[in-house]
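Bear in mind these aren't lab numbers, they're just calculated from the coordinates by the rules spelled out. Predicted model, so just to flag it, every value in this text is computed and none were measured. Glycine gets a Cβ as well: all are built from the backbone with ideal geometry, and neighbour counts include every protein chain shown.
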Amino acid sequence: MNNEQKELRSMSLEELQQVMVLAGEKPFRAKQVFEWLHKKQVSSIEEMTNLSKKLRTYLKENYTVDTLKVAKELISSIDGTRKYLFKLSDGNIIESVWMNYKHGNSVCISSQVGCRMGCKFCASTLGGLVRNLRPSEMLEQIYRIKEATGQRVDSIVIMGSGEPLDNYDSVVRFLRLITDENGENLSRRAITLSTCGIVPRIYDLAKENLPITLALSLHATTNEERIELMPIARKYSLDEVLEACEYYFKQTGRRISFEYSLVKDVNNSKEHAKRLSELISKTNSHVNLIPVNPVKERSFETVTRKQAEDFQKMLEKNGVNATIRREMGRDISGACGQLRRSFIEKN
């Protein structure tokens, strides 16, 4: 490791030990630094008061600590959901959401600035991919939301802007850091990763010994329909994606969650429900039905509550476990990418 500026919050405990050796310090200092970064979740090296002034000076001269700034906070008058726009050190903007459920507080984080997957119903992808987020920038979304709300975070969904498996190495590193017993120590079972279905990476993730919940964005019941909604389907067929999901379940023992955005007159017919049931009948899974959020740049219409309930009943009649996702923060542009896009357009 050379003396160019490096980001400390993205480092593992072992890497921090190497930093301490380079600084001429005992390796045990690394644990102190790690705890400052991930347990006390400080914003600067200067706050690490049990380190010597000499060590703090050395760290400031050679390393950085990522910290996000809140650019905007919106609080829903309907359900208390909080939407955050964070400004990164390079001026880019990302968004995160804090949601309160009966079972605890959940935070939805972004894994990229923008997205290149091109899914037709998602606002995140309209401006394309700007860059990947570092592990520290994913962690910081959680740490700064905890600071802003004064409340603990019980679960995390990597379901904001970006395709997590398109930023694979950083996301896996983030997962190891957020679940480290010396830091936030979040249960792996309290984390859900949503993917549009990058098949090779699903196999890779299954071998990481990180038994998190995998949520696959399915949204269609035939290859042809899925290609219309999701360009990734041109590369990986439905059969290939479902086979990878089955492998993930066998490796981790974690039930697969299938995300299915209901688009009026596109994928919500009785025939669609029948095909969906047949498609996933052999997979240990659950279907999350999501009435699509209208995006002004697209022509998709959302379904009514009754149409969503009718679709749910058809699935359950065919033996498929399904729930309708509770809409959170609709009055504050709660869906992926909406708030960031409107903020960028105005500024």
Name the long-range amide H neighbours of S12: under 5 Å, sequence gap of 5 or more, or other chain; modelled H, no Pro or chain starts.
none
The summed charge of the I78 Cβ neighbourhood (under 14 Å; Lys/Arg +1, Asp/Glu -1) stands at +1
What is the Å³ per residue value for the convex hull set by the Cα atoms of region 84-233?
117 Å³
Give, as a single signed number, the net charge of other residues whose beta carbon lies under 13 Å from the beta carbon of E327, with Lys and Arg counted +1 and Asp and Glu -1.
+2
Determine ³J(HN,Hα), in whole Hz, for all residues of region 64-74 in sequence, where each value follows from phi through the Karplus function 6.51 cos²θ - 1.76 cosθ + 1.60 and θ = phi - 60°; x replaces Gly and Pro.
10, 10, 5, 9, 8, 10, 6, 8, 7, 10, 10
Percent antiparallel among DSSP beta bridges confined to the chain, rounded to 5, stands at 45 percent
Expected sort for 273-281, 247-255 on mean C-beta neighbours within 10 Å, highest first, is 273-281, 247-255
If one compares the long axis through the Cα atoms of helix 238-252 with the longest principal axis of the Cα atoms of the chain, the angle in degrees, nearest 10, works out at 50 degrees
Any chance you could give the angle, 0 to 90 degrees and rounded to 10, that helix 305-317 forms with the longest Cα principal axis of the chain?
80 degrees
Any idea what the relative contact order of the chain is, in percent, if you count C-alpha pairs under 8 Å spaced at least 6 apart?
15 percent
Degrees, to the nearest 10: 53-62 long Cα axis against longest axis of the chain
50 degrees
Can you tell me which of 142-155, 163-176 comes out highest on packing, and rank the rest after it, using the mean Cβ neighbours within 10 Å?
163-176, 142-155
Karplus-derived 3J(HN,Hα), 6.51/-1.76/1.60, for each residue of region 81-87, Hz, glycine and proline x:
4, 10, 10, 10, 9, 10, 9
Name the residues whose placed amide hydrogens come within less than 5 Å of the amide hydrogen of I324, ignoring near sequence neighbours (fewer than 5 apart) on the same chain.
L289
When a/c reaches 1.5 or more, the comparison of a/b and b/c decides; with that in mind, is region 209-334 rounded, prolate or oblate per its Cα gyration tensor?
rounded
A71's amide H: which non-local residues (gap 5+, or another chain) put their own amide H closer than 5 Å, with H modeled 1.01 Å from N in plane and none for Pro or chain starts?
L85, F86, K87
Tell me, what HN-Hα J-couplings in whole Hz come from the Karplus equation 6.51 cos²θ - 1.76 cosθ + 1.60 at θ = phi - 60° for each residue of region 90-100, using x for Gly and Pro?
8, x, 5, 10, 10, 10, 9, 10, 9, 10, 9
If you count, for each residue, the other Cβ atoms within 10 Å and average over each peptide, how do 197-207, 14-24 line up from highest to lowest?
197-207, 14-24
